[in-house]
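Engineer: Structure below; questions to follow.
Here, each number is a calculation from the coordinates, and none is a lab measurement. Because the structure is predicted, anything quoted here is derived from the model rather than measured. Methodologically, a virtual Cβ is constructed for each residue, glycine included, from the backbone with ideal geometry; neighbour enumeration extends over all protein chains shown.
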Amino acid sequence: MKMKLSQLRPHQHAIILQHHAEGAIRQRLMDLGLHPQTVIKLVRYAPLGDPIQVKVGRTSVSLRIAEANMVSVELLQNCAESKE
């Protein structure tokens, strides 16, 4: 199922499809390891809902919801509820 990164629930895994950001924000996402075809896991939301913590490979990254809204992902069903 195609969705925005910000729509994932904690512990769900997805594969990054594309970025809709431009300029410095796109470069920041790429520098943080959010490349197309990369598997990503939503770890948790901050207590007030923003930012979110995601795991890319072995790296944890915090993103603002506005940045996460610019990343399209495909939910991976086979590990959607796994708790690593």
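Engineer: Quick one: length gained pulling Ile25 to Leu48 fully straight, 0.36 nm per residue minus the C-alpha distance?
Structural biologist: 6.0 nm
Engineer: Do the sum for the chain: with -39,500 (n - 2.57) for every DSSP H run of n ≥ 4, divided by all residues, what is the mean residue ellipticity at 222 nm, to the nearest 500 deg cm²/dmol? Walk me through the numbers on the way to the answer.
Structural biologist: Working: 2 runs with 13 residues, N = 84.
About -3500 deg cm²/dmol.
Engineer: Where the centroid of each part is defined by its Cα atoms, how far is the range 1-18 from the range 54-79 in Å?
Structural biologist: With the range 1-18 and the range 54-79 each reduced to a Cα centre, they are spaced 6 Å.
Engineer: Normalising by the residue count of the chain, find the relative contact order in percent from Cα pairs under 8 Å and 6+ residues apart. Intermediate values should be presented prior to the final figure.
Structural biologist: Details: 163 pairs, mean separation 37.7, N = 84.
Worked out over the chain, it gives 45 percent.
Engineer: Can I ask one more? Taking every pair of alpha-carbon atoms in the chain, give the share separated by more than 15 Å as a whole percent. It would help to have the intermediate numbers written out before the result.
Structural biologist: Working: 1764 of 3486 pairs.
Distances greater than 15 Å cover 51 percent of the Cα pairs.
Engineer: Can you tell me the FRET efficiency between Ala66 and Gln37 if r is taken as the Cβ-Cβ distance and R0 is 22 Å, rounded to the nearest 0.05?
Structural biologist: Step by step, r from the Cβ atoms, then E = 0.40.
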